[in-house]
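Since the structure comes first, as structure tokens, the remarks are kept for the end.
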Amino acid sequence: MTDFERTGLLNKLHQEHGNYEDVDDSVLKEERDEANKAQFLADVALTEEEARNHPPITASRKAFFQDHIDEILRGDATSENIPPEIAKTIALAFSVLHH
């Protein structure tokens, strides 16, 4: 489809349904990240006691888990792809560091 055809299609859509603002990619990424984080937290049961007894997540520990965190936020990994002990740490990191 050419740019001219896309513009015509978009103009027709606006005439029929009203004007919609294009969403910035960063907004879409943020929404995707939040949805994937929420799904991960829903899938990984982390009790309050487990959270309390978990070793502190230092900057170096967070860096160790960052690749897994990025994969989860992108939707490339889920709790099923992550070993349970790592999943608990990531769930705690999401709960503590990503608020």
Query raised in the report: When only C-alpha pairs under 8 Å and at least 6 residues apart count, what is the relative contact order of the chain, in percent?
Result: 35
**Report entry** Virtual spin-label span in nm between E71 and L13, 7 Å along Cα→Cβ
**Finding:** 3.4
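Any number yet on Rg/Rh for the chain, C-alpha, Kirkwood?
Values: Rg = 19.6 Å, Rh = 16.0 Å.
Result: Rg/Rh = 1.23.
Whole number in Å², please: accessible area per residue of the range 1-63, 1.4 Å probe, ligands, DNA and RNA not counted.
85
Summarise the accessible area of the range 9-99 (1.4 Å probe, protein heavy atoms) by the percent that is carbon and sulfur. Walk me through the numbers on the way to the answer.
Working: 3400 of 6550 Å².
After summing per-atom areas, the C and S share lands at 52 percent.
In debye to the nearest 20, how big a dipole does the chain give about its Cα centre with +1 on each Lys and Arg Cβ and -1 on each Asp and Glu Cβ?
Charge dipole of the chain: 300 debye, to the nearest 20.
The values are calculated or read from the model by the stated rules, or taken from the named source; none is laboratory data. Worth saying up front: this structure is predicted, and the values here are computed from it rather than measured. Every residue, glycine as well, gets a Cβ built from its backbone with ideal geometry; the counts of neighbours run over all protein chains shown. Surface areas here come from the heavy atoms of the whole protein model, side chains and all, with no ligands, DNA or RNA. Shrake-Rupley method; radii C 1.70, N 1.55, O 1.52, S 1.80 Å.
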